[in-house]
């Protein structure tokens, strides 16, 4: 009887070494990393190379803002007009909201995400991290995306 605790003539390797030995080829490389050969030609063949999708050649339209009349050069920052559904400047939306909202001292209009704006009151500390949202203003409908947004997304997201 041997003194290894396995009893008798059981010469199997311990469990962990048995599994590790199966993952390696004779030349010391992992089997998954070992090169593959073409049986007919006897040469290494490589994986297919990734080819990027073709970019859209159509230019992005620059429509005019219905509020100020100037062209919208950066469509990624534009929002959808509530009444007509066409793009409008981000700054024009803030100006339009500012006309209808009466702001008190220390309050400002800020974009809070998801097509929403808020009347934000900053506390009297020098740190701008302390604020309170007093009112939330829904500007864009999350459920119904504008058609012009889909064309912009298709232009940038080609994969």
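With respect to the stated conditions, residue 93 fails to be over 25 Å from residue 149 (Cα atoms) and either in contact with a helix residue (DSSP H, G or I) (Cβ under 6 Å, 6 or more places away or on another chain) or outside any loop (DSSP other than H, G, I, E, B) (or both).
Against the conditions (1) modelled with pLDDT under 90; (2) surrounded by fewer than 16 Cβ atoms within 10 Å (Cβ to Cβ); (3) under 21 Å from residue 152 (Cα atoms), residue 81 satisfies every one except (2). The set of residues in the stretch 104-144 being closer than 17 Å to residue 90 by Cα, surrounded by 11 or more Cβ atoms within 10 Å (Cβ to Cβ) and free of Cβ contacts under 8 Å to residues at least 12 places away in the same chain consists of 110 alone.
Annotation: residue 118 fulfils all but one of (1) at pLDDT below 90; (2) under 29 Å from residue 147 (Cβ atoms); (3) not in a loop (DSSP other than H, G, I, E, B); the unmet one is (1). Scanning the stretch 121-147 for residues that are within 23 Å of the chain's Cα centre (by Cα) and at pLDDT below 85 yields 141, 142, 143, 144, 145, 146, 147.
Return a yes/no flag: does the stretch 105-112 have any residue that is in contact with a helix residue (DSSP H, G or I) (Cβ under 7 Å, 6 or more places away or on another chain), outside any loop (DSSP other than H, G, I, E, B) and modelled with pLDDT of 80 or more. Within the stretch 105-112, one or more residues are in contact with a helix residue (DSSP H, G or I) (Cβ under 7 Å, 6 or more places away or on another chain), outside any loop (DSSP other than H, G, I, E, B) and modelled with pLDDT of 80 or more. Looking only at residues in the stretch 40-64 that are surrounded by 10 or more Cβ atoms within 10 Å (Cβ to Cβ) and closer than 30 Å to residue 74 by Cβ, the one that is modelled with the lowest pLDDT is 56.
Among the residues of the stretch 48-103, those that are free of Cβ contacts under 8 Å to residues at least 24 places away in the same chain and over 28 Å from the mean Cα position of the chain (by Cα) comprise 64, 66, 69, 70, 83, 84, 98, 99, 100, 102, 103.
The values are calculated or read from the model by the stated rules, or taken from the named source; none is laboratory data. Owing to the predicted nature of the structure, the values given are computational and were not obtained by experimental measurement. Virtual Cβ from ideal backbone geometry, glycine too; neighbours counted across all protein chains shown.
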